[in-house]
1. Only helices (runs of 4 or more DSSP H) wholly contained in the stretch 80-126 count here; list those with 3 or more residues that are more than 21 Å from His145 (Cα to Cα).
2. Of the numbered conditions (1) in contact (Cβ under 8 Å) with a residue 24 or more places away in the chain; (2) among the aliphatic types (A, V, I, L, M); (3) closer than 30 Å to Lys369 by Cβ, Leu435 fails exactly one; give the number of that condition.
3. What number goes with the only condition from (1) over 17 Å from Leu375 (Cβ atoms); (2) of a type outside the set (Phe, Trp, Tyr); (3) modelled with pLDDT under 85; (4) under 26 Å from the mean Cα position of the chain (by Cα) that Lys322 does not pass?
4. Do we find a residue being among the hydroxyl-bearing types (Ser, Thr, Tyr) and open to solvent by 60 Å² or more (accessible area, probe 1.4 Å) anywhere in the stretch 80-91?
5. For residues in the stretch 266-289 being open to solvent by less than 30 Å² (accessible area, probe 1.4 Å), of a type outside the set (S, T, N, Q) and under 16 Å from Ala256 (Cβ atoms), which is modelled with the highest pLDDT?
6. For the stretch 107-156, how many residues meet the condition of being within 17 Å of Ser320 (Cβ to Cβ) and aliphatic (A, V, I, L, M)?
7. Filtering the stretch 158-191 down to residues that are hydroxyl-bearing (Ser, Thr, Tyr) and exposed (fewer than 15 other Cβ atoms within 10 Å of the Cβ), which residue is nearest to Phe124 (Cα to Cα)?
8. May I ask you to list the residues in the stretch 127-139 that are crowded, with 16+ Cβ neighbours inside 10 Å and either assigned by the TED database to the domain that holds Gly321 or not hydrophobic (A, V, I, L, M, F, W, C) (or both)?
Amino acid sequence: MGFVEKNLDKIFGSCPFQTQKALPAAGVHEEHQSKEFYLDQVAKEVKVGVEEGGLWLDLVKENNMAAVELEWIPETLYNTAISAVVDNYGRSRRDIRSLPENIQFDVYYKLYQQGRLCQLGGEFCELEVFAKVLRASDKRHLLHHCFQALMDHGVKVASVLANSFSRRCSYIAESDAHVKEKAIQFGFVLGGFLSDAGWLLHVRNGNCKYHLGEETFKLAQSYMDKLAKHGHQANKAALYGELCALLFAKSHYDEAYRWCIEAMREITVGLPVKVVVDVLRQASKIALDIRQSVFGGKNIHVATAHEDLAYSSYVHQYSSGKFDNALFHAERAIDIITHILPEDHLLLASSKRVKALILEEIAIDCHNKETEERLLQEAHDLHLSSLQLAKKAFGEFNVQTAKHYGNLGRLYQSMRKFKEAEEMHIKAIQIKEQLLGQEDYEVALSVGHLASLYNYDMNQYDDAERLYLRSIAIGKKLFGEGYSGLEYDYRGLIKLYNSVGNYEKVFEYHNILSNWNRLRDRQFAVANALEDVNTSPQVTEQVVQSFLLSQSHGAGRSCLG
């Protein structure tokens, strides 16, 4: 009996799809015939094995009965196979490049996890290889982790890729239009990734090489002018936003303010969300500086600006795990409020909540057990304090109080206090249902959190399934098939059906998730599902235009006046 068949259950932990986080596989519940059928399906996408000195993924069916007898498996077969590929990396390097992009990326990510950065750098410095892993779009945040680690390690992968692409463009100068179009499209993809990763203009700002940053801006502007002459209009919002950041860093606040206004004028429908967020975040930084100049440091307006910056930075950097800036602003907000207001003032509840959320994420990413426990306990104390302040101001049955219960539930989940987490999530749901009804967005959010707890930590799969399906139904009804929050529910259901051995449902929801991704790619405008229920929502463009209109009435005045 082959190794594959002995561990057949393990393949369904993540292949041909990935779950949200690695978990021990559940017991075996399905029939032998189901395993054999789905082995055929999986074998079409994944082949693992060692064959004549070269590694080749080859799932061969021999005997499957031993797999049925297994009751618990410590790691998925897919992950074991990836580890085997990495262990034989020297012999299998060439074969790895023929794998589907998602599997190929998983091999490279394993190299990153094992700290084999020189080998990873050798792969990523080859343009064809990097172009392929860029197509694994659902793993972009993990690719950023790998990329940043290489840059920190001294591998100048950003420069190497940029120079390689430049050389390729010179080679195809005389090629036909199709080849040129393909190269241009890849250039946009590569440039977008490098910009997202922070290795274009603002890396020079960050390293205080301001003169080089100014040169980069002028060069980029000249390219945009050339494009304009050929009838191609490029959106300048991101470029002006970076210039704003450069001028802000040099303390040229009036100029920074002017260029920030120009960046906001360039915000249009269809612009990548990250660009819009970056421009508006830069505008808020300038607003904070203006408030400090007008009101001084210890002022409530300055405190609220710090809190807004803390939360926006927390959300913006959530996937990267870089929360230093967010933590700084959260602590400044709390420091200012406690200096000028009583210790039991309601404004502290919001600032403490934001700091607690940030500390929880830092703790989760921490590799030191003592530090993790200390940070989680501090977050716990802050959440409890925020809850008490909210209950004192609003009472038990209030949406704000319910949100604090929900935050505590997620924290207890991180602290592995699952019964306490369940209690908090149920309280949040009950309060929201009583106040908002059965099908409100806030209700769906809390229902999804409880489903995640049951699914990932308590193995209450029937309850989790029911809650996931309810959350999906509410999300679709309120926001449509392309609602961003559906991804977490779909991935949760994939993991759930994996755990109970319902592989028909696994493939069904894998296809649903793929269709959702395609739908999201086609959408140009992203609905903001987080507006306060008591306000009339405005799209970003309306907010920007209103602000610009107000500025036009005050044209000619100093930004500090």
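1. 89-96
2. (3)
3. Status for Lys322: all satisfied but (1).
4. Within the stretch 80-91, not a single residue is among the hydroxyl-bearing types (Ser, Thr, Tyr) and open to solvent by 60 Å² or more (accessible area, probe 1.4 Å).
5. Val279
6. Number satisfying all stated conditions: 5.
7. Among residues in the stretch 158-191 that are hydroxyl-bearing (Ser, Thr, Tyr) and exposed (fewer than 15 other Cβ atoms within 10 Å of the Cβ), the one nearest to Phe124 (Cα to Cα) is Ser159.
8. Lys132, Lys139
The values are calculated or read from the model by the stated rules, or taken from the named source; none is laboratory data. All figures in this text were calculated on a predicted structure; none of them were measured in a lab. Cβ atoms come from the backbone with ideal geometry, glycine included; neighbour counts cover every protein chain shown. In case anyone asks, the SASA skips ligands and DNA or RNA and just uses the protein heavy atoms, side chains included. Shrake-Rupley method; radii C 1.70, N 1.55, O 1.52, S 1.80 Å.
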